[in-house]
Amino acid sequence: MHVYIWAGLKSHGEGQHDYPQFLADWSKILTAHGAVVDGALHAPGSADLEHTDVVVIYKGDAAYLSENDKAALEAFVKRGGGLVSFHDSLCGPDPGYFSTLVGGGKKHGEVNYTLDAPVHYTVVDKTNPIMKDMSDLTISDEAFFTITWAKDPAVHVLATAEIAPTRSAGDHKGEVVPQMWTYEHTVPGGQPARAFVWMQGHTYANFTNNQIEPTLLRGIAWAGKKPVDELVTYVAPPGPARGGTAPGGKGK
């Protein structure tokens, strides 16, 4: 599986939105789980995507796309490439457009967050293989509530959360909003494409939660059209034997 990690410059306080650390850590994690990994703090170009199966996006406001970025991503999706979006990567000026890529988009500039608050997941599709290790757990993170959704086709919801009663949530408190989903669609004239979205990641430590990390690995594999457990169950091949035989048949 060939993965491109699209990260960005760090924003927010200590332990939050640590995009460069994600690029460093998950390059190692995905490599250790059998993937071939590339990545950068900028959007992938056409050459980067030529042999990529899935692009993993963890970058603030990644939905601000130049025309060149749009063209490269649209061509990638048209040939069936997979996208994975974490946290505020789906934030930008045109949520309707970004929803056509990953199933949902968040409008930049709106008050649309709970900030540091409990996010209690209700797994709504317990039979989905991506959710094999997920239960109805609670983490402290940030949840979004106003999302522009793709409609035809619609997303497939994996887990929801009830919006916590924070000041920023306002009248949205108590709403039940998807926080994890998959999206399958086909661009006219193209191949079927997949996207997987997890809307948390404000608190960087949550990436290493013992239920969340394997779920993300499965979501990445699924989006890349690989067996859903390919990354989770990967076993590295044995290394070369120590020692050996010297020329002439004598041991070293």
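Exactly one residue out of ASP229, ASP171 is at pLDDT 95 or above, open to solvent by 30 Å² or more (accessible area, probe 1.4 Å), farther than 29 Å from PHE22 by Cα and not polar (S, T, N, Q), and it is ASP171. Of the candidates ALA159, ALA143, ALA154, the single residue that is part of a loop (DSSP other than H, G, I, E, B), open to solvent by less than 10 Å² (accessible area, probe 1.4 Å) and either touching a strand residue (DSSP E or B) at 6+ places or on another chain (Cβ under 9 Å) or over 23 Å from ARG218 (Cβ atoms) (or both) is ALA143.
For the stretch 126-140: of the residues being touching a residue at least 60 places away in the same chain (Cβ under 8 Å) and part of a strand (DSSP E or B), which is most open to solvent (accessible area, probe 1.4 Å)? Here the answer is SER140.
Number of residues in the stretch 184-217 that are within 16 Å of LYS78 (Cα to Cα), open to solvent by 10 Å² or more (accessible area, probe 1.4 Å) and in contact (Cβ under 8 Å) with a residue 24 or more places away in the chain: the value is 8.
Taking the listed residues VAL123, VAL55, VAL84, the one that is without any contact (Cβ under 8 Å) to a residue 40 or more places away in the chain and either within 17 Å of LEU158 (Cβ to Cβ) or open to solvent by less than 30 Å² (accessible area, probe 1.4 Å) (or both) is VAL123, with no other qualifying.
The values are calculated or read from the model by the stated rules, or taken from the named source; none is laboratory data. Worth saying up front: this structure is predicted, and the values here are computed from it rather than measured. When we count neighbours, we look across all protein chains shown, and the Cβ atoms used for this are built from the backbone with ideal geometry, even at glycine. Just the protein is used for accessible areas: all its heavy atoms, side chains included, with ligands, DNA and RNA removed. Shrake-Rupley method; radii C 1.70, N 1.55, O 1.52, S 1.80 Å.
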